[in-house]
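The values are calculated or read from the model by the stated rules, or taken from the named source; none is laboratory data. All figures in this text were calculated on a predicted structure; none of them were measured in a lab. Heavy atoms of the whole protein, side chains included, go into the accessibility calculation; ligands, DNA and RNA do not. Shrake-Rupley method; radii C 1.70, N 1.55, O 1.52, S 1.80 Å.
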Amino acid sequence: PLAIAMFVLFGLGGGIAVALLAALLQAYCSAAMRGRVMSLYAISTQFFPALGGLISGLVMIGLPPHQSLLTVAGCVIGILLVAIPFLTALRRNLAPTSQHPATVNPA
């Protein structure tokens, strides 16, 4: 019973997070870039999870379960260790393209 309640809670939270992320992306980017940003968002949420499943399946074919889990986990940790400093530096260097919608003065 607790597991079912947690699945429902996580499912609802995931649905809310996906909708909120799409809305925030649209609100924070300029109208000229909105289509490009949303297309990258669509690719990242649809293509990459499928690619990850394919790669994990191929690793599972070639290695025993314990080794394949460690291999995939090591790859994910390695990618994060490279990506986080890069994305943090990129975020610091980029100027915002638009103001938050709540702070824009309607005139």
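Tell me the mean residue ellipticity at 222 nm calculated for the chain from its helices only (DSSP H runs of n ≥ 4, each -39500 (n - 2.57), averaged over every residue, nearest 500). Show your work: numbers first, answer last.
On the way: 3 runs with 85 residues, N = 107.
The helix contribution divided over the chain gives -28500 deg cm²/dmol.
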Distance between Cα centroids, the range 1-28 to the range 44-63: provide it in whole Å.
-> 23
On full extension of the chain, what length is gained from Q26 through A50, given 0.36 nm per residue of separation minus the C-alpha to C-alpha distance?
-> 6.2 nm
Just the accessible area per residue of the chain, please: how many Å² with a 1.4 Å probe?
-> 82
Can you pull the percent of the chain's accessible area that's carbon plus sulfur, 1.4 Å probe, other chains left in place?
-> 78
Kyte-Doolittle at least 1.6, axis length at least 27 Å by Cα - qualifying DSSP helices, the chain = 2-28
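Roughly speaking, what is the stretch gain from N93 to S39, that is 0.36 nm per residue apart minus the C-alpha to C-alpha distance, in nm to one decimal?
Details: separation 54, 0.36 × 54 = 19.44 nm, distance 2.30 nm.
Separation in residues times 0.36 nm, less the Cα-Cα distance, equals 17.1 nm.
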